[in-house]
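The next block holds one structure in the form of structure tokens; read it before the comments.
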Amino acid sequence: MKELNKKYITEIKKELPQLEIYTQKEERLIYAHATFPVEYKWILQAEYKYLPDAVLAPESEAELIKIMKIAHKNKVQLIPYGGGSGIVGGSIAEDNEIMVDTKKMRKFEINPTNLTAVAGAGLTGAEFENRLNEKGYTCGHYPQSFQSAVFGGMAATDAIGTFSTKYGKMCDMVNSLRVVLPDGQLFKSHKAPRKSSGPDLKYLFIGSEGVYGIITEVEMKIYPLAEKRAFEAYTFPDTHSGLEAVRNFMRLGINPPVVRLYDEVESEPKIKKLAYEKGMCVLFLVYEGLEEIVEIERKKVREVCISHGGKYKGEEGGENWFNTRFSTKGMLDYDRKKGGTADAIEVAAPWNKIENVWREMRKALEPLCDYVDCHFSHFYHSGASVYVIFHAKTDDDYQGEELYNLCLKKAIEASLANGGNVSHHHGIGKAKAPWLVEEHGDAGIYLLEAIKEKIDPNRLLNRGVLGL
Ligand SMILES: Cc1cc2nc3c(=O)[nH]c(=O)nc-3n(C[C@H](O)[C@H](O)[C@H](O)COP(=O)(O)OP(=O)(O)OC[C@H]3O[C@@H](n4cnc5c(N)ncnc54)[C@H](O)[C@@H]3O)c2cc1C
């Protein structure tokens, strides 16, 4: 352990004798990686490269405040760790940093009048949702990492769930939050639903990936459980007509929670399984809400889809998707293969650019990959996001790492060159930091840097993440 860290741990033990601290190698190995695909390659290459010196597991905000104050005083580097499902290299202990595991911060509190509920940083999406469901509510947030990602991590990465077209992204769902700043000050954003009091500072932390502070709890908007849930599937002659159908029913103000359009290639196995006509693109939809409203939405969506060449395929396809919605096994299996590498690169673009972004990203990746899957599953007033999922293989895990880096570069550069952005929801971490300037511009990076410099001048918290 680094001398500085040893001294810090000694002081922490004195100040917080009850705090759980993990220092055994086996314990530290558990925290040595999250789910960044290259970490699989490092595991398979040789002895694991990056181990934290220790892991602290506070149970309360008060403990975390002490941890941060003492770290600030001693200039000790910390990395917040949530569910460890982050896939952009946001928690790599390159300098034997000390990790702060937030999973013991498990507050849960419902306010039925305000239609909000507080989730401690350490509650998983599934734990929170199950507890809400028991009381007759939902928060509508179902990322595919629902079972492992926790609320601190999900707010820090501005995560999104599969029901996003109705319920939104974390930035739309969080009503207020609490954050311990690098020097140990506690920031509490106001619980009022809207503000005109200068910039709404909660947005400084949503998506900040832990570079400006550690989130201790979030107050989420909640909704009574839906009266009706309905599933549908359509096929379209091509991706273009599917996208046009979605764009046009959204123009009518219809936002079914789940809208998933697969391109011609990713549709193929689904078409085979569901015995639809070959060569088409598949659209799955899920609606929920008051029964009468759901029925009106279905009617209008059907009119628009049919007018764009869509064919109604009944409920089965949408229901099948729903029943397997948390599985990402195919991609993770590929990462574990010798020399194999896979990742889902997710970007967003305005409506008038998204089709080109999809086409050019696919084109850039195909020569490097065994296969590439693409679908569109988060839609907005002014545009959409696309997932481009690459599966590539080479001979060994050193080349696998190089191939991953090349695929990531080609994908992001194709997005940027065609009007897309760097990331829609997985975040930047360390992996995508080199391209951040292309999205924010020099003035944007200046702002990110200036805030960091002011609140964490020694760059102690999550050093290197967001390129800071
Ligand atoms: C199989 C799989 C499916 C996925 N599906 C989705 C999906 O559908 N939608 C989606 O958006 N993402 C998805 N992801 C990505 C990932 O789940 C999200 O980025 C998630 O929000 C990370 O949460 P976590 O608790 O696991 O964070 P971690 O991985 O622990 O941390 C992520 C980053 O946030 C920082 N951090 C963690 N906790 C805090 C805190 N309390 N305060 C400040 N900073 C903190 C960490 O230092 C790190 O930089 C998926 C990942 C996997 C592996």
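The values are calculated or read from the model by the stated rules, or taken from the named source; none is laboratory data. Since the model is a prediction, treat every value here as computed from it, not as a measurement. Methodologically, a virtual Cβ is constructed for each residue, glycine included, from the backbone with ideal geometry; neighbour enumeration extends over all protein chains shown. Quick note on the areas: whole protein, heavy atoms, side chains included, nothing else; ligands and nucleic acids left out. Shrake-Rupley method; radii C 1.70, N 1.55, O 1.52, S 1.80 Å.
Side notes on the structure shown:
- Criterion (touching a Phe, Trp or Tyr at 6+ places or on another chain (Cβ under 8 Å) and either in contact (Cβ under 8 Å) with a residue 24 or more places away in the chain or away from the ligand (no atom under 16 Å from the Cβ) (or both)) met by exactly one of I445, I412: I412
- Selection count, region 452-468, where residues are closer than 21 Å to I65 by Cβ and either more than 12 Å from the ligand (Cβ to nearest atom) or surrounded by fewer than 20 Cβ atoms within 10 Å (Cβ to Cβ) (or both): 9
- Inside region 149-166, residues that are farther than 19 Å from K107 by Cβ and open to solvent by 20 Å² or more (accessible area, probe 1.4 Å) make up a count of 3.
- The single condition among (1) touching a Lys or Arg at 6+ places or on another chain (Cβ under 9 Å); (2) under 18 Å from A121 (Cα atoms) that I92 does not satisfy is (2).
- Applying the criterion of being at negative phi and of a type in the set (K, R) to the residues of region 421-468, the residue that is farthest from the chain's Cα centre (by Cα) is K454.
- Residue, nearest to the ligand (Cβ to nearest atom), within region 161-183, restricted to residues that are part of a loop (DSSP other than H, G, I, E, B) and out of contact with any strand residue (DSSP E or B) (no Cβ under 7 Å at 6 or more places or on another chain): G161
- Of all residues making up region 66-116, the number that are surrounded by 23 or more Cβ atoms within 10 Å (Cβ to Cβ) and more than 16 Å from the ligand (Cβ to nearest atom): 0
- Boolean, K188 is within 16 Å of the ligand (Cβ to nearest atom) and either closer than 18 Å to C139 by Cα or surrounded by fewer than 23 Cβ atoms within 10 Å (Cβ to Cβ) (or both): yes
- Count of region 256-287 residues, restricted to those that are out of contact with any strand residue (DSSP E or B) (no Cβ under 6 Å at 6 or more places or on another chain), part of a loop (DSSP other than H, G, I, E, B) and within 17 Å of S241 (Cβ to Cβ), is 3.
- In region 248-284, residue farthest from G317 (Cα to Cα) [restricted to those that are over 28 Å from the mean Cα position of the chain (by Cα) and loosely packed, with under 12 Cβ neighbours inside 10 Å]: K278
- Checked against (1) within 23 Å of A34 (Cα to Cα); (2) at pLDDT below 95, Y387 meets all criteria but (2).
- Options A364, A342, A392: the member that is farther than 20 Å from L44 by Cβ and of a type in the set (A, V, I, L, M): A364
- Among the residues of region 304-345, those identified as open to solvent by 20 Å² or more (accessible area, probe 1.4 Å), charged (D, E, K, R) and within 16 Å of the ligand (Cβ to nearest atom) are R325, K329, D333, R336.
- Residues of region 407-441 classified as open to solvent by less than 30 Å² (accessible area, probe 1.4 Å) and charged (D, E, K, R), total: 1
- Where a residue in region 135-152 is farther than 16 Å from S377 by Cα and its partner, wherever it lies, is at pLDDT 95 or above and polar (S, T, N, Q), with Cβ under 6 Å and at least six apart: S148/S85; A149/S85; V150/T124; G152/T102
- Test: A348 is within 15 Å of the ligand (Cβ to nearest atom) and outside any loop (DSSP other than H, G, I, E, B): yes
- Y404 vs. criteria more than 30 Å from V246 (Cβ to Cβ), crowded, with 20+ Cβ neighbours inside 10 Å and of a type in the set (S, T, Y): yes
- Residue check, K135 near the ligand (Cβ under 9 Å from one of its atoms) and among the basic types (K, R): no
- For region 117-129, the criterion of being of a type outside the set (D, E) and within 6 Å of the ligand (Cβ to nearest atom) is satisfied by at least one residue.
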